[in-house]
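A quick write-up on the structure given underneath.
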Amino acid sequence: MSEDRLFPRSVDEVILEKVRFFFLPDRTAAFVKNLVEGKVSERSLICCNSGCDVCNETIYNCYVAVKKELGIH
């Protein structure tokens, strides 16, 4: 699906798109942005298999997808 845009999508737009793709609440976007910016360690995202409302594993998968989309290694 191609978009005709004058400017590329912003980091915030990419993050929100991926947050919604993974069916996470929009409020999770701020946390993912902190992960991308290095303000929060990705090591904090450990799935405890307790069925959390917002699972750390899903947040991690979203974070990885954002990094891939932005070309961050």
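The values are calculated or read from the model by the stated rules, or taken from the named source; none is laboratory data. Quick caveat, the model's predicted, so the values are computed rather than measured. Counting neighbours? That spans all protein chains shown, and the Cβs are built from the backbone with ideal geometry, glycine included. Side chains included, ligands, DNA and RNA excluded: accessible areas come from the protein's heavy atoms. Shrake-Rupley method; radii C 1.70, N 1.55, O 1.52, S 1.80 Å.
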For this session: Would you mind checking the tilt of helix 56-70 against the longest principal axis of the Cα atoms of the chain, expressed as 0 to 90 degrees and rounded to 10?
Result: 20
Exercise. P(r) tail for the chain, what percent of Cα pairs lie past 16 Å?
Worked result: 48
Seminar exercise, completed: Taking a probe of 1.4 Å and leaving out DNA, RNA and ligands, the chain shows per residue an accessible area in Å² of 74
Seminar exercise, completed: Given a Förster distance of 22 Å, the FRET efficiency implied by the Cβ-Cβ spacing of ASP4 and LEU70, rounded to the nearest 0.05, works out to 0.60
Exercise. What part of the accessible area of the chain, given as a whole %, is carbon or sulfur when the probe is 1.4 angstrom?
Worked result: 54
For this session: Leaving ligands, DNA and RNA out of it, rank PHE22, PHE7 by accessible area with a 1.4 Å probe, largest first.
Result: PHE7, PHE22
